[in-house]
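Participant: Just dropping this structure here.
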Amino acid sequence: AARLHAVGKAQKAAGALAAARETLEQCAKLAPGDPEILTTLGATCLELNDAQEARRHFERAIELGARQGELWDNLGLACRALGDEESAVAAFESALKAAPTLTPAMANLVYAQQYLCAWDALEQSEHRLAATLADPASDPRWPPFVALAMPLAPAQQLQVAQRWSRAMLPAPVPRRSPSPRAKRLRVGYLSGSFHEHPTARLMVG
């Protein structure tokens with residue numbers, strides 16, 4: 001089962017999510033009491049947008065003794081995808097008990113509390129998250145869209161975006177000199193907002 005688990009993790013890392021899920025499901029049948037396998041399987045299901053199965057695997061892993069902060073954070077994301085925001089808040093809080101410096105869980109907790117209008121708890125959560133900016137060694141995985149809904153200065157908003165992009169996005173491609181071209185200029189349009197979308201309709205004009 002350990003070797004099969006390693007194969008499943010490698011497939012997941014390579015982006016072959018459907019194959020990884022199949023491998024990890026076989027692995028879970030061979031070792032149904034292994035919480036690490038269930039955790040990886042749950043994370044794969046979550047990436048495949050199967051939040052229901054992801055939640056089931058995460059909760060089973062917790063029943064078997066798993067307590068990692070990332071696991072609780074992923075459980076919260078699965079609950080949120082299913083519309084269960086109260087359970088999501090509880091999961092994010094458990095994530096921070098297990099891993100107090102896990103910035104993604106802090107950000108997810110702030111987002112969930114904002115959604116639920118949990119104002120009494122929100123101020124403390126926002127303060128805790130904003131305080132990570134003062135520590136260069138803190139976990140930078142704090143989505144800038146969460147920061148946009150917080151009372152931060154523009155310089156802090158920029159800092160959040162820069163830290164997140166360096167940690168989460170591929171390195172920029174080095175600039176290179178343009179190749180010689182014909183006299184006629186060819187222009188291409190790339191967008192995720194074509195088809196029946198306001199962007200496409202405005203471009204027609």
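Participant: Quote the accessible area belonging to W72 in square angstrom, nearest 10, computed with a 1.4 Å probe and with ligands, DNA and RNA left uncounted.
Facilitator: Roll a 1.4 Å probe over it and W72 shows about 50 Å².
Participant: For the range 65-108, take the alpha-carbon Rg, divide it by the Kirkwood Rh, and send me Rg/Rh.
Facilitator: Working: Rg = 9.2 Å, Rh = 9.8 Å.
Rg divided by Rh gives 0.94.
Participant: Now a separate question. Using helices alone, what [θ] at 222 nm do you get for the chain, with -39,500 (n - 2.57) per DSSP H run of 4 or more residues, divided over all residues and rounded to the nearest 500? Each step should come with its number before you reach the end.
Facilitator: Numbers: 11 runs with 133 residues, N = 205.
That comes out to -20000 deg cm²/dmol.
Participant: So what's the net charge close to A66: Lys and Arg +1, Asp and Glu -1, counting the other residues with Cβ under 13 Å from its Cβ? All intermediate terms of the calculation are to be shown ahead of the outcome.
Facilitator: Values: positive: R60, R67; negative: D34, E36, E59, E63, E70, D73.
Computed value for this residue: -4.
Participant: Mind checking the per residue accessible area of the range 52-205 for me, 1.4 Å probe, whole number of Å²? Kindly include the intermediate steps, with their values, before the conclusion.
Facilitator: Working: 10550 Å² over 154 residues.
Per-residue value: 68 Å².
Participant: Over the chain, with every protein chain in place, what whole percent of the accessible area is carbon and sulfur at 1.4 Å, could you tell me?
Facilitator: On the way: 7460 of 13230 Å².
Answer for the chain: carbon and sulfur cover 56 percent of the accessible area.
Participant: Could you sort the peptides 38-45, 185-192, 108-115, 76-83 by per-residue average Cβ neighbour count (10 Å cutoff), highest mean leading?
Facilitator: Details: 38-45: 25.4, 185-192: 6.2, 108-115: 21.9, 76-83: 20.1.
The peptides rank, most packed first, as 38-45, 108-115, 76-83, 185-192.
Participant: Starting from 0.36 nm per residue, how many nanometres of slack lie between A81 and R56 once their C-alpha separation is accounted for?
Facilitator: 7.7 nm
Participant: How high is the relative contact order of the chain, in percent, counting Cα pairs under 8 Å that sit 6 or more residues apart?
Facilitator: Numbers: 212 pairs, mean separation 20.7, N = 205.
For the chain, the relative contact order is 10 percent.
Participant: While we're on this one: Along each of its three principal axes, how wide is the spread of alpha-carbon positions in the chain, in whole angstrom units, largest first?
Facilitator: 67, 44, 37
Participant: Right, here's the next one. List the residue ranges in the chain for DSSP H helices whose C-alpha atoms run 15 angstrom or more along the long axis and whose Kyte-Doolittle average is -0.5 or above.
Facilitator: Numbers: long enough: 2-13 (16 Å, -0.35); 17-30 (20 Å, 0.11); 35-47 (18 Å, 0.70); 51-63 (18 Å, -1.38); 69-81 (18 Å, 0.06); 85-98 (20 Å, 0.27); 103-116 (20 Å, 0.26); 119-131 (18 Å, -0.80); 154-168 (21 Å, -0.73).
Membrane-span-like by this criterion, though nothing is claimed about a membrane: 2-13, 17-30, 35-47, 69-81, 85-98, 103-116.
Participant: Using only Cα atoms, locate the centre of the range 84-136 and the centre of the range 29-70, then give the distance between them in Å, rounded to an integer.
Facilitator: 22 Å
The values are calculated or read from the model by the stated rules, or taken from the named source; none is laboratory data. Please read all numbers here as calculations on a predicted model, not as lab measurements. Virtual Cβ from ideal backbone geometry, glycine too; neighbours counted across all protein chains shown. Only protein heavy atoms, including side chains, enter the accessible area calculation; ligands, DNA and RNA are left aside. Shrake-Rupley method; radii C 1.70, N 1.55, O 1.52, S 1.80 Å.
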